[in-house]
1. Taking the Cα centre of the chain as origin, sum charge times position over the Cβ atoms of Lys and Arg (+1) and Asp and Glu (-1), and report the length of that vector in debye to the nearest 20.
2. In sequence order, what are the phi-derived ³J(HN,Hα) couplings for the range 76-91 according to the Karplus relation 6.51 cos²θ - 1.76 cosθ + 1.60 with θ = phi - 60°, rounded to whole Hz, with x for glycine and proline?
3. Just subtract the alpha-carbon distance of VAL200 and ARG179 from 0.36 nm times their residue separation and send over the number in nm, one decimal.
4. What are the principal axis extents of the Cα atoms in the chain, in Å, biggest first?
5. Taking every pair of alpha-carbon atoms in the range 82-142, give the share separated by more than 15 Å as a whole percent.
6. Applying 1/(1 + (r/R0)^6) with R0 = 25 Å to the Cβ-Cβ distance of PHE219 and ASP343, what FRET efficiency is obtained, to the nearest 0.05?
7. What range in the chain is the longest one free of trypsin sites (Lys or Arg not before Pro) that are in a loop by DSSP and have at most 14 other Cβ atoms within 10 angstrom?
8. Once phi is turned into ³J(HN,Hα) by the Karplus curve 6.51 cos²θ - 1.76 cosθ + 1.60 with θ = phi - 60°, what whole-Hz value does each residue of the range 134-151 show in order, with x for glycine and proline?
Amino acid sequence: MEELREVGQAAGVDALAATTAEPFLEVRTTLERRKAEGLHGGMAFTYRRPERSTTPALALPGARSIVVGARSYLVEDPAEAPPDGPQGRIARYAWDDHYAALTQGLNAVAAALRACGWRTRVLVDDNALVDRAAAHRAGLGWWGKNANLLLPGLGSWYVLGSVVTNAVISASNEPVADRCGSCTRCSDGCPTGAITAPGVVDARRCLSWLLQADGVFPFDYRVALGDRIYGCDECQEVCPPNLRAPIRGPGGQEMPWAPLLSLLDADDAVVLAHAHRWYIWRREVRYVRRNALVVLGNVGMGDDPEVAAVLARYLAHPDGLLRAHAVWAAGRLGREDLLMGLDQDPDPLVQAELGRLP
Ligand code: B12
Ligand code: SF4
Ligand code: SF4
């Protein structure tokens, strides 16, 4: 394992550890139970086929071991102030393509194994494996009450991935004992109360999922969304071990902000190019626009003529879902004057939003 760790670290993986490829039976039961209770909120990912996501041998027949890697995505905040105009905030893990960098590092580990005649499969954020479960069993960290995997002394600003192999690699680390103790900052700090028990996130309330989900953005969580346009970092920002986490460096192509007015003005191709790393429901661009309208309602200035012009355009948009969210944003920004004539709108979503206005 020491040699593989050196190969991985030289290729940019910060921490590596090995474990067996036994099925993750407890995690499978958890996925099934949470799905049955509705906590998955319609998510597919690892919930689609829990057996597949928790049985490494289904990803690589004959799998015996897993080498798990973690790569930090905590880079310095950009020196420049956000650009002018209303902006949406992007969660740190999506500022740059950290999954690609981790995959590259794990590919180097896989190549070293293959050079010795072993078979490998690299899985990074793939539905074929619950990454945190592999990292936990490999002894890379402990499950935080916010469900993130925390690395001792390093925090949770890490993306995780694995090399599944038929090589037998002896486990390198002891399991990491819980270090959350009596802390409850993440569940207290979650803007929507989505952490319903230690380690349990109710996706129906989690902003990170709601931004990815289809349909109407739930009315009750729109104000809580604040300026977030992709992902949510709150339960990690407030986490004490993360305050001491080492910073990877100055960063590269980081993109922490999304300009709302340009996003709402741009055509589909431009929006999708901007959001190319984001998970968007069936890549339907309307959901990026839906989210941008909610954020605009939270951070825009109602007396800004450019904001008013964008709202007016969306109040006449052919997509009823977007008209409905524009109604909410206009109401929140005190621009009920823009809503004239909408009482004749045939779309029930629009009528529901109008009915909610104070
Ligand atoms: C689905 C998914 C989501 C969903 C659901 C999140 C969730 N909590 O499951 C949504 C869209 C909400 C999401 C959000 C985020 N995600 Co996500 N997501 C995934 C994905 C695809 C699958 C996760 C999964 O299968 N969960 C299954 C459930 C059962 O696991 P769990 O909720 O963690 O439950 C465990 C704990 O409850 C624990 N447990 C059991 N009993 C007890 C008791 C106690 C006391 C405790 C503390 C724990 C505990 O055991 C359970 C498993 O058996 C993985 C990638 C992958 N392929 O694994 C990335 C992944 C988990 N996500 C990741 C990231 C970065 C995020 C975000 C930070 C992104 C953001 N900034 O918005 C947030 C964090 C939200 C949060 N607090 O969890 C990283 C996490 C890295 C890390 N260090 O932990 C992963 C691993 C992606 C990657 N490859 O790096 N994500
Ligand atoms: S990601 Fe945000 S909404 Fe989801 S559990 Fe964490 S703090 Fe709550
Ligand atoms: S905020 Fe506290 S309870 Fe939550 S994960 Fe961090 S240390 Fe654990």
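Derivation of every value follows stated rules applied to the coordinates shown; laboratory data play no part. Since the model is a prediction, treat every value here as computed from it, not as a measurement. All Cβ positions, glycine included, derive from the backbone under ideal geometry; neighbour counts span all protein chains shown.
1. Dipole magnitude for the chain comes out near 1320 debye.
2. 4, 5, x, 5, 6, 5, x, x, 5, x, x, 10, x, 8, 9, 5
3. Extra length from VAL200 to ARG179 when fully extended: 5.9 nm.
4. Cα spread of the chain along its principal axes, largest to smallest: 71, 45, 41 Å.
5. Numbers: 1253 of 1830 pairs.
In whole percent, the long-distance tail amounts to 68.
6. The value I calculate is 0.85.
7. 1-178
8. Result, ordered by residue: 5, 5, 5, 5, 6, x, 7, x, 10, 6, x, 5, 8, 6, 6, 8, 9, 8 Hz.
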